[in-house]
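Quick notes on the structure that follows.
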């Protein structure tokens, strides 16, 4: 097996463990490249079926093309799609002008936690990777969240030999991270190998492209001429700038992600 | 919004590595863990290594520099790995970090494990995945408690490739004798736990001496830099051993019935015969399934997550293991193991825990502690105290509430190791060191802790060469509740509803519609008017409740001398059995 085959096989193993051991299960689909790879892996793991719903936490500030593409792919692949918004916070005028971390917390973290509780999920599959930022580099594959959706990062359970955290009190849930050991280039090489669908915001137009997708007001484009996947791979092989450098919320504070993620952020 | 992040501005072609991404499409990726006592500088060594390799994104390095400047601290490479605020403040690693980087030779996943005693479980989580380990020792402080404990854990976890790093050589005056004394002492300890160090190297990580560049201050050292030492390790090839495919699930999304799982070792090929344990069912691989046609294949090897369609449909379930018939795992409900405990409360002997082995689960208890040792000093502790405390290791005998398919760890890693769950948490782990063959030798039935050995489905034949009645060779299956049974064979045929009376185990097995319905102790079983056979498959001539009472009483008193008489009175050989002819392995 080569490197990509090994990554694929391990992620499929994790998805099947989650489906076998966790009761109500959903997959967080952010429309970005990572969770779209996750979607593809789920199709492979379950032989074309996806035996759980796909969830999009929609802040209403997403780049508009993302919503169009989301609905198109969901229809094409026959996905059971759940779109959830923090309606109350939006009605009260929540937005990035109130502070980026406040906004992320309300429209992403709170919305996600609200949906998890409403639907009684025991497990949420999330496409985070260790190489994205520090607090994710310390994640477990099966990562427990308590009734308040908090992550007790200083006291994580042991995880060894493919034996994951599958025992937990009722009301807690597990964040399942099948892509934890993938890195950004792996994702791109896999997308290239598989010829799978991907939103075109990642490809350069007028000398700019998105490297990471999020909400329109807080996600920056990078200068780039990469219009194809091989060009993106070539570009990434030579850069030393971090993937999330264009994500404004990360730069708010040295421990911004740790704090957001402690409270349930993906 | 456009940020000023400009990717094209950093197109230096001579970089050692792409940030954060270790492997290209085809090159090998090596998993390496750094362990050792708290404060001996594991994170600093690793931070320095990554920094020198240019493996960290500029943003991450800048952020650490900013925090250092804000707090008036010197730049500390360890903070590149210690991402949590608490870790940087306290200057310790709380949880393992995994990062990737690349050398000219290959890609690495490096795991930084915490050295504090309190976080041993996090060290184990990190180290359990590694192919090799580096033990980091402070030159000034020498070998300490966690240095030895981590070495012991590596040997238990099966991480056999170990290197030594003597760090902070600056604090020891760059003294060759200090390095040699520490390396010698540690080598001796490693040998006591069954490990031989592959390499030992002195470094001063804070300033980078001998990490990725040789240092003039260590001119007396002729060996490799740390980076060269890494590249000198051997990649252990994926396990070619016996076929082991633990089932994760059986899917029935459409007309196909797909057995899903990951091949842990060996290879599985279309058309080949397989055995599914502990059920003991034999069938052939009809196909390997895939969503996309281009993923369809004829065979699969170690590490592959596959879907297998069997030629015969049996009642299969998660936890069973697919193997070749002639190279099967053991099926047993008791075994001996080396165990380590990391639970908050001690493991109690004879208390029920959940045991997870590959994809199987069973209730289990430690029946006996054979030997208990302090994992750091290796000093024996009193084994008779009936419990195993945190950070202790022990040799134990484990009993399961139902038989599982498993292997000795020395034979197959993935199916020879297990974890123990206490309450909601994985609190211990272990490897199978020896297993009793008790259940594998005999087929039979089980329900929870109840057992009934029997040979009702064994084939007997008259060997024309030997002029003897022989038992045909074949699998010795174990049947659990709900399992279908082979009612018709070449030498027997049973009705769909009957009871099997196993006098030697004092147990009655109920077969209903051909499925195992359950086990009842002999003295609690009431005659239900169904046909009865004994444990060999001979009809038991019981036609009434009174017969049943009498039969039980007489067989309970049975002596070897009385057996032929009892058999003549109660048993009918030909009701369900016949004896076909055969010669050697050839049976008609």
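Numbers at a glance
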| item | result |
| --- | --- |
| Of the criteria (1) within 10 Å of chain B (Cβ to nearest Cβ); (2) in contact with a strand residue (DSSP E or B) (Cβ under 7 Å, 6 or more places away or on another chain); (3) surrounded by fewer than 19 Cβ atoms within 10 Å (Cβ to Cβ), which one residue A:225 fails | (2) |
| Residue A:135, sole failed condition from (1) in a helix (DSSP H, G or I); (2) assigned by TED's automatic domain parsing to the domain that holds residue A:99; (3) over 17 Å from the mean Cα position of the chain (by Cα) | (3) |
| Of the criteria (1) in contact (Cβ under 8 Å) with a residue 40 or more places away in the chain; (2) within 13 Å of residue B:135 (Cβ to Cβ), which one residue B:162 fails | (1) |
| Which listed residue is touching a helix residue (DSSP H, G or I) at 6+ places or on another chain (Cβ under 7 Å) and under 22 Å from residue B:509 (Cβ atoms), from B:550, B:566 | B:566 |
| Whichever residue in the stretch B:370-407 is buried (at least 18 other Cβ atoms within 10 Å of the Cβ) and either in contact with a helix residue (DSSP H, G or I) (Cβ under 7 Å, 6 or more places away or on another chain) or without any contact (Cβ under 8 Å) to a residue 40 or more places away in the chain (or both) and, among such residues, is nearest to residue B:331 (Cα to Cα) | B:403 |
| Where residue B:487 falls short, out of the listed (1) touching a strand residue (DSSP E or B) at 6+ places or on another chain (Cβ under 8 Å); (2) modelled with pLDDT under 90; (3) closer than 18 Å to residue B:314 by Cβ | (2) |
| Candidate set: the stretch B:410-432, residues that are part of a loop (DSSP other than H, G, I, E, B) and surrounded by 21 or more Cβ atoms within 10 Å (Cβ to Cβ); chosen: the one nearest to the other protein chains (Cβ to nearest Cβ) | B:414 |
| Within the stretch A:139-167, tally of residues that are touching a residue at least 60 places away in the same chain (Cβ under 8 Å) and within 7 Å of another protein chain (Cβ to nearest Cβ) | 1 |
| Residue B:297 more than 14 Å from chain A (Cβ to nearest Cβ) and without any contact (Cβ under 8 Å) to a residue 40 or more places away in the chain | no |
| In the stretch B:204-217, the residues that are farther than 19 Å from residue B:103 by Cα and crowded, with 21+ Cβ neighbours inside 10 Å | B:204, B:206 |
| The stretch B:108-145: number of residues that are surrounded by fewer than 21 Cβ atoms within 10 Å (Cβ to Cβ) and within 9 Å of chain A (Cβ to nearest Cβ) | 1 |
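So that you can scan it fast, the table gives a plain yes or no per residue for (1) under 28 Å from residue B:79 (Cβ atoms); (2) crowded, with 19+ Cβ neighbours inside 10 Å; (3) in the same structural domain as residue A:85 (by TED's automatic domain parsing):
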position: A:155; (1), (2), (3): yes, no, yes
position: A:166; (1), (2), (3): no, yes, yes
position: A:189; (1), (2), (3): no, yes, no
position: A:208; (1), (2), (3): no, no, no
position: A:214; (1), (2), (3): yes, yes, no
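The values are calculated or read from the model by the stated rules, or taken from the named source; none is laboratory data. None of the values given here were measured: they were computed from a predicted structure. Glycine gets a Cβ as well: all are built from the backbone with ideal geometry, and neighbour counts include every protein chain shown.
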